[in-house]
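Report on one structure; see the data block that follows.
The values are calculated or read from the model by the stated rules, or taken from the named source; none is laboratory data. Predicted model, so just to flag it, every value in this text is computed and none were measured. Positions of Cβ are generated from backbone atoms using ideal geometry, with glycine treated the same way; all protein chains shown enter the neighbour counts. Quick note on the areas: whole protein, heavy atoms, side chains included, nothing else; ligands and nucleic acids left out. Shrake-Rupley method; radii C 1.70, N 1.55, O 1.52, S 1.80 Å.
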Amino acid sequence: MPRPLGELEDAVMTRVWKWNRPVTVREVLEDLQQERSIAYTTVMTVLDNLHQKGWVRREAEGRAYRYEAVSTRAAYAAALMNDAWSQSDNPAAALVAFFGMMSEEQRTSLRDAVRIVQGPETPEPAPPPPPDTHRVTSADTDSTDTSSTDTSSTDTRGTDTRGTDTGTDTAPHTSGDTSPDTRTDTGSENPGSAQEPDGR
């Protein structure tokens, strides 16, 4: 990991990160002079050191250079935290102490960062549906159909007597008697009641 930035190095890199484009020594100098008195050669030396440490890259433009950041400020901060954590003999205790120093806003940012790194949570698979206790089995269907058929047959025999010869003549007499004839027609004479021709 690159060494932590010094105070002036951090001031110069802050501007390089903020502008997010290649910058010249003159541009950084003029911005720094709004806060402090500083020479052109000092800024040029700081940018040259940052280039040697790997924080900036540069390209020649005429007789000067334009400097551009190699990584973001967030990456720099992460590298510092990782270096400090790796040097602890008890990383877990170091994290607990670090969390204790964080503000509520920083803790919220940390939780958001963890969610981003972990990605969206995969939903648990849905449990299988319970057995359908109302499902009609083939045996139930057969039983229900048979019962229904038998019932309809029984009802038909008990109520519909059309076309069935019961032996009772319900037609009225032609002599004008409207009462039904309840004589039983057996369909043939009783051989036991017939008299023989000789009268015996």
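Tell me the net charge near Arg57. Cut-off is 14 Å between Cβ atoms, Arg57 excluded, with +1 for each Lys or Arg and -1 for each Asp or Glu.
Working: positive: Arg21, Lys53, Arg58, Arg66; negative: Asp48, Glu59, Glu61, Glu68.
Result for the local shell: 0.
Using the Karplus relation 6.51 cos²θ - 1.76 cosθ + 1.60 with θ = phi - 60°, the per-residue 3J(HN,Hα) values for the stretch 87-103 come to 8, 7, 7, 9, x, 5, 5, 5, 5, 4, 5, 5, 4, x, 8, 7, 7 Hz, with x marking Gly and Pro.
Which trypsin sites (Lys or Arg not before Pro) in the stretch 1-68 pass both tests, a DSSP loop state and at most 10 other beta-carbon atoms within 10 Å? Working shown, then result.
On the way: sites: Arg15, Lys18, Arg26, Arg36, Lys53, Arg57, Arg58, Arg63, Arg66; in loops: Arg36, Arg63.
Loop-located and lightly packed - Arg36, Arg63.
Taking the accessible area of the stretch 2-63, probe 1.4 Å, and keeping the other protein chains in place, the carbon and sulfur fraction comes to 44%. The Cβ shell under 11 Å around Lys18 holds other residues with a net charge of +2, Lys and Arg each +1, Asp and Glu each -1. Take the Cβ atoms of Arg111 and Tyr40, set R0 to 41 Å, and the FRET efficiency comes out at 0.35. Measuring between their Cα centroids, the stretch 73-127 and the stretch 14-40 lie 33 Å from each other.
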